[in-house]
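**Student:** Dropping the structure in here first, questions after.
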Amino acid sequence: MPRSPASAWWQPHRHADRRPLLLARNRIQAAIRLWLADQGFVEVDPAGLQLSPGNEAHLHAFATTAIGNDGQGRTLYLHTSPEFAMKRLLAAGETRIHAFSHVWRNRERGVLHEPEFTMLEWYRAGEPYERLMDDLAAWAALAAPGGMLRYRDGVCDPALPYERVSVAEAFRAHAGIDLLATMDAQGVPDAAALAAQMDRQGIGHMPGESWSDLFSRVLSERVEKRLGQGRLTVLDRYPAAEAALARRCPDDPRVAERFELYACGVELANGFGELTDPAEQRRRFQDEMAIKQARYSETYPIDEDFLAALALMPPACGCALGFDRLVMLATGAPRIADVIWVPAG
């Protein structure tokens, strides 16, 4: 249903309310860009149209038809992340890169979601993934100098040292669930074991849900709202089954070098110690696309050039920050659309 013209963002009275938030967005972006330049990062600009938009089961892309000079059409996608393109640049020899990239995700719109938004993605070659956590803490402080991040009734002070907790620790503390007991020694998950623990804790679920579905339900219903309250929370060491592009932790194959950053119960960033084994990555993509076919009756192509480049990619870490969400929390804006200069129609 179209918006009422009287409430459209381009009405002068609406723009007057939004303009201070948008100018704050520009200030935050400029401050982070300067920080990155001082750290020796090169800004890159990946194209939005790609052969594959990404290969995660529950991410949905926008497709289009590209007409060649021969008049023949082929399907291309607006990327859900610049990840595949940026990892090619690492394979080519770049070592510190970042992009403020427009990305597109279908089936997503709400207070915290827009179908087109800005992702700040960056990579460090040859460095441990913990460096990314420190980067994020520095940018959160830049975004709210001397102030707080806010969302609804949550408050987070980015000047305080962040807390770092594993997913297993968070599930135990906030949901009463021993997550590691629901997988075998190699991280293969057991849905029945997780469902049984959820039953004991009074967490509802549907018959036949997969382990991944159950994991997401506990995370969203019991864990996420407790994170990033008072100070930033780094939720670290995700189960390997939930880390499609991250390498496994060397001390425990059940978990991976994947983390997410939370403030005020809102997920702001998703980072990895990057997987560089093309054979293992292919297997993971195939598994994800099998889930997508079963759930949504569609799949996306596997990007063969990306897998070929992965064999040349050095050890690296990388992260994606929802830049609009950071601005939203730094300004206290009620909706993500309020901090986007021109929201999608």
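Throughout, read-outs are computed from the coordinates displayed, never taken from laboratory work. From a predicted model like this one, the values you see are computed outputs, not experimental measurements. Note that each Cβ is placed from the backbone with ideal geometry, even for glycine, and that neighbours are counted across all protein chains shown.
**Student:** Out of ASP199, ASP252, ASP324, any idea which swings most in a Gaussian network model of the chain, alpha carbons joined below 10 Å?
**Tutor:** In this elastic network of the chain, the residue with the biggest mean-square fluctuation among ASP199, ASP252, ASP324 is ASP199.
**Student:** Which residue, ASP251, ASP45, ASP287, has the most motion in a Gaussian network model of the chain that connects Cα atoms within less than 10 Å?
**Tutor:** ASP251
**Student:** Looking only at ASP134, ASP153, ASP305, which one moves most when the chain is put into a Gaussian network model with springs between Cα atoms under 10 Å?
**Tutor:** Ranking ASP134, ASP153, ASP305 by mean-square fluctuation puts ASP153 first.
**Student:** To make sure I understand, if each residue's beta carbon is the centre and we count other beta carbons within 10 Å, what order do ARG25, ARG131 fall in, fewest to most?
**Tutor:** Fewest-to-most ranking of ARG25, ARG131: ARG131, ARG25.
**Student:** Sticking with this structure for a sec: Please give me, ordered by residue number, the GluC sites (Glu not before Pro) of segment 107-153 that lie in loop per DSSP and have at most 16 other Cβ atoms within 10 Å.
**Tutor:** Filter output for segment 107-153: GLU108.
**Student:** Let me see the pair-distance distribution of the chain: every alpha carbon pair, 10 Å bin width, integer percents in order.
**Tutor:** 5, 23, 33, 27, 10, 1, 0
**Student:** Put a dot 7 Å past each Cα toward the Cβ at THR64 and ASP38; how far apart are the dots in nm?
**Tutor:** 3.8
**Student:** What trypsin sites (Lys or Arg not before Pro) does segment 36-111 have in DSSP loop regions with at most 15 other beta carbons within 10 Å?
**Tutor:** Sparse-neighbourhood loop trypsin sites (Lys or Arg not before Pro): ARG107, ARG109.
**Student:** Putting +1 on Lys and Arg Cβ atoms and -1 on Asp and Glu Cβ atoms, find which of HIS58, TRP104, HIS79 reaches farthest to the positive end of the dipole of the chain.
**Tutor:** TRP104
**Student:** Okay, next question. Using alpha-carbon pairs under 8 Å, 6+ residues apart, how would you state the relative contact order of the chain in percent?
**Tutor:** 22
**Student:** Still on this structure, please answer the following. What is the magnitude of the charge dipole of segment 261-339 about its Cα centre, with +1 placed on the Cβ of each Lys and Arg, -1 on the Cβ of each Asp and Glu, and no other charges, expressed in debye to the nearest 20?
**Tutor:** With Lys and Arg at +1 and Asp and Glu at -1, about 260 debye.
**Student:** With a ≥ b ≥ c the root eigenvalues of the C-alpha gyration tensor of segment 168-284, is it rounded (a/c under 1.5), prolate (a/b larger than b/c) or oblate?
**Tutor:** Oblate, because a/c is 1.5 or more while a/b does not exceed b/c.
**Student:** Another question, if that's okay. Roughly speaking, what % of Cα-Cα pairs in segment 71-148 are separated by over 14 Å, rounded to a whole number?
**Tutor:** Of the Cα pairs, 73 percent sit more than 14 Å apart.
**Student:** So for CYS319, CYS249, fewest C-beta neighbours within 10 Å to most, what's the order?
**Tutor:** CYS249, CYS319
**Student:** How much of the calculated P(r) for segment 247-321 lies past 19 Å, in percent of all Cα pairs?
**Tutor:** In whole percent, the long-distance tail amounts to 52.
**Student:** Pop the C-beta distance of GLU163 and GLU221 into the FRET formula with R0 = 25 Å and round what comes out to the nearest 0.05.
**Tutor:** Working from the Cβ atoms, E equals 0.75.
**Student:** Taking the Cα centre of the chain as origin, sum charge times position over the Cβ atoms of Lys and Arg (+1) and Asp and Glu (-1), and report the length of that vector in debye to the nearest 20.
**Tutor:** Here the chain has a charge dipole of around 1060 debye.
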